[in-house]
Amino acid sequence: MLANKTIVLGITGGIAAYKVADLASKLTQAGARVEIIMTKSATEFITPLTFRSLTHRTVVTEMFNVNSEFSIGHVALATAADVIVIAPATANIVAKIAGGIADDMLSATVLATEAPVIVAPAMNVNMYQNPATQDNLAKLKARGFIFVGPGYGRLASGKIGMGRLTDIEEIIGTIKQVLGRSGDLAGKNIVVTAGGTQEAIDPVRYIGNRSSGKMGYAVAEAARDRGAKVTLITAPTALSKPVGVAVTPVTTAVQMKKAVVKAVAQTDVLIMVAAVADYQPKSVAKGKIKKETTGAGLTLELVKTPDILAEVKGDFIKVGFAAETEDIVANARKKLANKQLDIIAVNDVTSPDSGFGVDTNRVTLISHDGKVESLPLMSKREVADRILDKVVGMLTKKPQSQMRRGVS
Ligand code: C5P
């Protein structure tokens, strides 16, 4: 999604400038054309050569340099940009933009652009809290500038407070979200579930499963990058929260059902990727069950959990996942019918390169019209996009899907 996009990365004079070398590198590796503009003070912290080496492009440091390919039309980058990112953004650049000043290449480019501008502030805590800076930030927010960070933590001055440059992954997530705003899912609401639910036995133990949440998070991020407004209802995972997605954390199947029912009241699509427990202990012990009290063994009585996917109904596209070990297509077809799904994505979890924990998946997609598509091994992100391609196709033919379920 970053491939062939022109990202103008403006770097200003803060110590966090060194961290942005990683950002420039990651964006370039993802296929973006990264055009760097550095202010004079930024070049005191890190050299233009670093960025030239990482981006393989000329780094602009002056407005009137006859050797620069951008020296003639100083608004060339303003026009070429799909998005402008200022990281780190000092109090000074924030003030200049707020005041409409254009006395160097970066401020002139920002003043001249129609592209969205993402600002990642990083500064001394007192500078950040100064009413002048706060007023300037508020002005830019009101004008539609997009802010990411700053974060809280230890600052270069040794003080603890607001003013740290936010994580690079957070900036990349924001760039993707902004670039995806006009994607084929723009304006659509999508609810995604992810992770494996945990059903408590006592305050210490639970019944869980091997789901890592990777597939569900990939679906949520892919939908975000295509312009959707995404709600991610997630059971516990070790993954970091995706940027630009509304996250509802849950633990049990019952909690997940409650969150799903609430979220689908306003959705166009529900994609249930979560591995939901099929059984939960009939009762949860109040205290830790002591092995000294249970004799030779312990018998747990389990009761069924709600089948969320089968039970939630409404005017939205329903996509389910199925982890199968045998008769894959036949079993998935049954689930598609029983749970009244539009699409079921089924994976063979017996294969080591597919399913739990890994970054790749081998999936067969079955749609309600009977079409079966066996996808080759691919990344979970690619699988997510293939599912969303089908969803987009169905959304454009939505009246039929409504008729099928008898929704008036
Ligand atoms: O029936 P099975 O568990 O194989 O179905 C898998 C699909 O149903 C997944 O999409 C899963 O998220 C969903 N599911 C559910 N509630 C359950 C069990 C599974 O919504 N209790």
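The values are calculated or read from the model by the stated rules, or taken from the named source; none is laboratory data. Note that the structure is predicted; figures quoted are calculated from it, not measured. Positions of Cβ are generated from backbone atoms using ideal geometry, with glycine treated the same way; all protein chains shown enter the neighbour counts.
Any residue at all in the range 246-255 that's within 26 Å of the chain's Cα centre (by Cα) and at pLDDT below 95? Within the range 246-255, not a single residue is within 26 Å of the chain's Cα centre (by Cα) and at pLDDT below 95.
Quick grid of which residues meet (1) more than 16 Å from the ligand (Cβ to nearest atom); (2) touching a helix residue (DSSP H, G or I) at 6+ places or on another chain (Cβ under 6 Å):
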| position | (1), (2) |
| --- | --- |
| Ala186 | yes, no |
| Ile190 | no, yes |
| Pro203 | yes, no |
| Met215 | no, yes |
| Arg224 | yes, yes |
| Thr234 | no, no |
| Ser240 | yes, no |
| Thr251 | no, no |
| Val276 | no, yes |
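With the requirement that a residue be in contact with a Ser or Thr (Cβ under 8 Å, 6 or more places away or on another chain) and of a type in the set (D, E, K, R), what does the range 72-113 give you? Of everything in the range 72-113, those that are in contact with a Ser or Thr (Cβ under 8 Å, 6 or more places away or on another chain) and of a type in the set (D, E, K, R) turn out to be Asp82, Lys96, Asp104. Among the candidates Lys313, Lys318, the residue that is assigned to a loop (DSSP other than H, G, I, E, B) and either free of Cβ contacts under 8 Å to residues at least 60 places away in the same chain or of a type in the set (D, E, K, R) (or both) is uniquely Lys313. Just checking, does the range 390-402 include any residue being basic (Lys, Arg), at pLDDT 85 or above and surrounded by 17 or more Cβ atoms within 10 Å (Cβ to Cβ)? Yes, the range 390-402 contains at least one residue that is basic (Lys, Arg), at pLDDT 85 or above and surrounded by 17 or more Cβ atoms within 10 Å (Cβ to Cβ).
Across the range 146-175, the qualifying residues are those that are of a type in the set (A, V, I, L, M, F, W, C) and touching a Pro at 6+ places or on another chain (Cβ under 8 Å), and the one among them that is surrounded by the most Cβ atoms within 10 Å (Cβ to Cβ) is Leu165.
If you go through the range 11-40 and pick out every residue that is on the phi < 0 side of the Ramachandran plot and under 23 Å from the mean Cα position of the chain (by Cα), you end up with 15.
Residue by residue, here is whether (1) touching a Lys or Arg at 6+ places or on another chain (Cβ under 7 Å); (2) within 24 Å of Arg181 (Cβ to Cβ) holds:
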| site | (1), (2) |
| --- | --- |
| Ala91 | no, no |
| Lys96 | no, no |
| Ile101 | no, no |
| Leu111 | no, yes |
| Val117 | no, yes |
| Ala122 | yes, no |
| Lys139 | no, yes |
| Ala142 | no, yes |
| Ile146 | no, yes |
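In the range 79-92 there is no residue that is free of Cβ contacts under 8 Å to residues at least 40 places away in the same chain, touching a strand residue (DSSP E or B) at 6+ places or on another chain (Cβ under 9 Å), of a type outside the set (Asp, Glu) and outside the structural domain of Arg226 (by TED's automatic domain parsing). Looking at (1) closer than 20 Å to Asn209 by Cα; (2) surrounded by fewer than 16 Cβ atoms within 10 Å (Cβ to Cβ), can you tell me which one Thr360 breaks? All conditions pass for Thr360, except number (2). Just to be sure, is Ile118 more than 16 Å from the chain's Cα centre (by Cα) and outside the structural domain of Ile97 (by TED's automatic domain parsing)? So Ile118 does not fit the description; no.
Among the residues making up the range 334-354, those that are in a strand (DSSP E or B) and within 12 Å of the ligand (Cβ to nearest atom) are Ile343, Ile344, Ala345, Val346, Asn347. Residue check: Glu301 meets all listed conditions (1) more than 9 Å from the ligand (Cβ to nearest atom); (2) touching a helix residue (DSSP H, G or I) at 6+ places or on another chain (Cβ under 7 Å) but one, namely (2). Within the range 363-384, the set of residues being buried (at least 18 other Cβ atoms within 10 Å of the Cβ) and under 19 Å from Ile190 (Cβ atoms) comprises Val363, Leu365, His368, Lys380, Arg381, Val383, Ala384. Scanning the range 308-333 for residues that are within 21 Å of Val349 (Cβ to Cβ), near the ligand (Cβ under 9 Å from one of its atoms) and among the acidic types (Asp, Glu) yields a single hit, Glu324.
Those residues that are without any contact (Cβ under 8 Å) to a residue 24 or more places away in the chain and either outside any loop (DSSP other than H, G, I, E, B) or within 20 Å of the chain's Cα centre (by Cα) (or both), I need them from the range 256-287; list them, please. Passing the criteria: Lys258, Lys262.
Scanning the range 157-211 for residues that are in contact with a Leu (Cβ under 8 Å, 6 or more places away or on another chain), closer than 30 Å to Thr133 by Cα and of a type in the set (A, V, I, L, M) yields Ile168, Ile171, Ile172, Ile175, Leu179. When Arg210 is tested against the conditions (1) buried (at least 17 other Cβ atoms within 10 Å of the Cβ); (2) closer than 30 Å to Pro306 by Cβ, the lone failure is (1).
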